[in-house]
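Student: Below is one structure. I have some questions about it.
Where a number appears in this text, it was derived from the coordinates with a stated rule and is not lab data. Since the structure is predicted, the reported quantities are computational estimates derived from the model, not experimental observations. Quick reminder, even Gly has a Cβ in these numbers, built from the backbone with ideal geometry, and neighbours come from all protein chains shown.
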Amino acid sequence: MNSLERTAAALVCDGKGILAADESVGTISKRFEALGIHSSQELRRQYRELLLGAPGIEAHVSGAILYDETIRQEASDGRRFPEVLAARGILTGIKVDTGAKPLAGAPGETVTEGLDGLRERIEHYRALGAAFAKWRAVLTIGSDKPTEAGIGANAHALGRYAALCQEGGLVPVVEPEILMGGDHDLACCYQVAHRVLARVFAELRANNVDLRAMILKPSMVMPGSSGPPAGVEDIAAATIGCLMDNVPASVPGVAFLSGGQGALLATLHLDAVARSGPHPWKVTFSFGRAIQDDPLGTWRGLEANVEEARAVLLERLEWCSAASVGAYASGA
């Protein structure tokens, strides 16, 4: 097992998952402003310290994905955040894409950009302490979407990104997100997810990506937010069925994104997926808002609320940790 394979395995070790704390300045500012928090660089730093410096998260978190601003910032004691994480055995990850932009010739679809200069950025982030990276592709389900062009452009970018990461010494987290918006049913999402994953892995192979040294970060297979509802067990069955058809056994782990689900629902779905095994790969979480929303709402930019917010954070991580091994709903 080489160093990249060891890093990938560490990211999906039993009972631990990846904290997604890589929101762009624009995204985190919107979340702050919705709660009446002024989005200054210092308050963003304080919030990241609330998360990354919380005592006990190392029991549940194997890695944390940071944004460019955050990986350069320091905790109150003067240590940069990658140092804070490393001291507790948590790997530092970095978001390396530059966001989704309109895809030419495909109205209503996007392609994620950021390949230009990526080789140099990877070298720079490694020097800052990163061990893995993340690239998010965004796909929407609609009456005529996603098109083959939309799927293909995003899958190709994911393949090239993953190859560049491995060349540069970072484990790639490959994130093809199918957005929850829409009125589609569970079967429709399954069909789209099947098409997306098949194309993504075709591109990963075409770009000579070592599948043993990467992590897949997919959406769960779910009906649209305004579509006909589906039960927890049905969603788990559809999700695992789609993964079993498309994800090679050589991939060490699948770390699900929460994709706009609330904390409890994301946890219940993860728990059901984990209980549906055995699987050839580890199953865990790489949640952002499903972990952060409640701590952020508790903190509200006030130093007096930090400890209470950290207690909420730890509780959410405990939920996810238990769910990742199928022990949440049972209380085991």
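Student: Taking 1 over the mean of 1/r across every pair of different Cα atoms in the stretch 118-221, what Kirkwood radius in Å do you get?
Tutor: Numbers: mean 1/r = 0.0703 Å⁻¹.
Value: 14.2 Å, from the Cα pair sum.
Student: Over the chain, what is the percentage of antiparallel beta bridges among all DSSP beta bridges, to the nearest 5? Spell out each step's value before the answer.
Tutor: Values: 5 of 33 bridges.
Counting only bridges with both partners in the chain, antiparallel ones make up about 15 percent.
Student: Can you give the Kirkwood hydrodynamic radius of the chain from its Cα pairs, in Å with one decimal? Walk me through the intermediate numbers first.
Tutor: Working: mean 1/r = 0.0505 Å⁻¹.
One over the average 1/r among Cα pairs gives 19.8 Å for the chain.
Student: Under the rule of at least 5 residues apart or a separate chain, name every residue whose amide H is placed under 5 Å from the amide H of G253.
Tutor: Counting only residues 5 or more places away or on other chains, the set is L216, K282.
Student: Which residues' amide hydrogens lie under 5 Å from the amide hydrogen of I94, considering only partners 5 or more residues apart or on another chain, with H built in the peptide plane?
Tutor: Here L66, F132, A133, K134 satisfy the definition.
Student: Can you tell me what percent of all Cα-Cα pairs in the stretch 86-127 are more than 13 Å apart?
Tutor: Numbers: 561 of 861 pairs.
Value for the stretch 86-127 (Cα pairs over 13 Å): 65 percent.
Student: ³J(HN,Hα) across the stretch 112-125 via Karplus (A = 6.51, B = -1.76, C = 1.60, θ = phi - 60°), whole Hz, x for Gly/Pro?
Tutor: Listing the rounded values in order: 7, 10, x, 6, 4, x, 5, 4, 5, 5, 4, 4, 5, 5 Hz.
Student: A further question follows. By average Cβ neighbour count within 10 Å, what is the ranking of 29-42, 83-96 from highest down?
Tutor: Top to bottom by mean Cβ count within 10 Å: 83-96, 29-42.
Student: Could you tell me the distance between the Cα centroids of the stretch 238-261 and the stretch 8-57, to the nearest Å?
Tutor: 24 Å
Student: DSSP loop trypsin sites (Lys or Arg not before Pro) in the stretch 292-332 with at most 16 other Cβ atoms within 10 Å of their Cβ, which ones? Each step should come with its number before you reach the end.
Tutor: Numbers: sites: R300, R310, R316; in loops: R300.
Answer by residue number: R300.
Student: Using only alpha carbon positions, build the gyration tensor of the stretch 1-50, then give the equivalent ellipsoid semi-axes as the square roots of 5 times its eigenvalues, largest first, whole angstrom.
Tutor: Numbers: eigenvalues 214, 23, 18 Å².
In descending order, the three semi-axes are 33, 11, 9 Å.
Student: What list of ³J(HN,Hα) values in whole Hz, one per residue of the stretch 225-241 in order, does the Karplus curve 6.51 cos²θ - 1.76 cosθ + 1.60 (θ = phi - 60°) give from phi, with Gly and Pro shown as x?
Tutor: Values per residue, Gly and Pro as x: 4, 10, x, x, x, 9, x, 4, 5, 5, 5, 4, 5, 5, 5, 5, x Hz.
Student: Distances over 21 Å make up what percent of all Cα-Cα pairs in the stretch 256-329?
Tutor: Looking at the stretch 256-329, the distances longer than 21 Å represent 29 percent of pairs.
Student: Additional query: What number, rounded to the nearest 500 deg cm²/dmol, is the helix-based mean residue ellipticity at 222 nm of the chain, given -39500 (n - 2.57) per DSSP H run of at least four residues and division by all its residues? If you can, show how the numbers build up before the last one.
Tutor: Numbers: 12 runs with 152 residues, N = 332.
It lands at -14500 deg cm²/dmol.
Student: Averaging sequence separations of C-alpha pairs under 8 Å and six or more residues apart, then dividing by the length of the stretch 183-332, give the relative contact order as a whole percent. Show your work: numbers first, answer last.
Tutor: On the way: 230 pairs, mean separation 34.4, N = 150.
Relative contact order comes out at 23 percent.
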